[in-house]
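See below for the structure under consideration.
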Amino acid sequence: MRFLYAPAAAGVLSKEQRGDLAAAQKPAIFMLGLLLLLMMMVPVLNLVVPALACVSVCHLQRRGWTDQAALASAATAAPDVAPA
């Protein structure tokens, strides 16, 4: 699945950002690959696996972008305050 992950965001994220996002979502990418592998073993279901692979990789990346953006905005919105 990792070979699909980087090209899916080629026009949106830099190479470094894509690598960071892939590293952050490594367990999810592995589980997705395992799930799709199992689905490929079912005779009729294996016909839709390529479409599911594309859709699910795009979904994972979108989820990663929004999670990182939410974390970044929360970190800048809430300044660190030392207890008095």
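The values are calculated or read from the model by the stated rules, or taken from the named source; none is laboratory data. Note that the structure is a prediction, hence the values are computed from the model and not measured. Counting neighbours? That spans all protein chains shown, and the Cβs are built from the backbone with ideal geometry, glycine included.
Could you list all residues from the stretch 46-72 that are of a type in the set (Val, Ile, Thr) and modelled with pLDDT of 90 or more? Explain how you work it out, then say what you get.
Within the stretch 46-72, the first condition is being of a type in the set (Val, Ile, Thr), and the residues that meet it are 48-49, 55, 57, 66.
Those that are of a type in the set (Val, Ile, Thr) and modelled with pLDDT of 90 or more: 48, 49, 55.
Can you find even one residue in the stretch 45-56 that is in a helix (DSSP H, G or I) and in contact with a Cys (Cβ under 6 Å, 6 or more places away or on another chain)? I'd like the intermediate steps shown before the answer.
So in the stretch 45-56, the residues in a helix (DSSP H, G or I) come out as 45-47, 49-56.
Add one more test, that the residue is in contact with a Cys (Cβ under 6 Å, 6 or more places away or on another chain), and what stays is none.
No, there is no match, as no residue in the stretch 45-56 is in a helix (DSSP H, G or I) and in contact with a Cys (Cβ under 6 Å, 6 or more places away or on another chain).
Go through the stretch 14-45 and report how many residues are at pLDDT below 90, out of contact with any helix residue (DSSP H, G or I) (no Cβ under 7 Å at 6 or more places or on another chain) and surrounded by 14 or more Cβ atoms within 10 Å (Cβ to Cβ).
Result for the stretch 14-45: 2.
I need the full set of residues from the stretch 1-18 which are of a type in the set (Ser, Thr, Tyr) and in a helix (DSSP H, G or I), in order please.
Going through the stretch 1-18, the residues of a type in the set (Ser, Thr, Tyr) turn out to be 5, 14.
Across the stretch 1-18, the qualifying residue is only 5.
Of everything in the stretch 46-70, what is small (Gly, Ala, Ser) and surrounded by fewer than 13 Cβ atoms within 10 Å (Cβ to Cβ)? Give them in sequence order.
Within the stretch 46-70, the first condition is being small (Gly, Ala, Ser), and the residues that meet it are 51, 53, 56, 64, 69-70.
Passing the criteria: 51, 69, 70.
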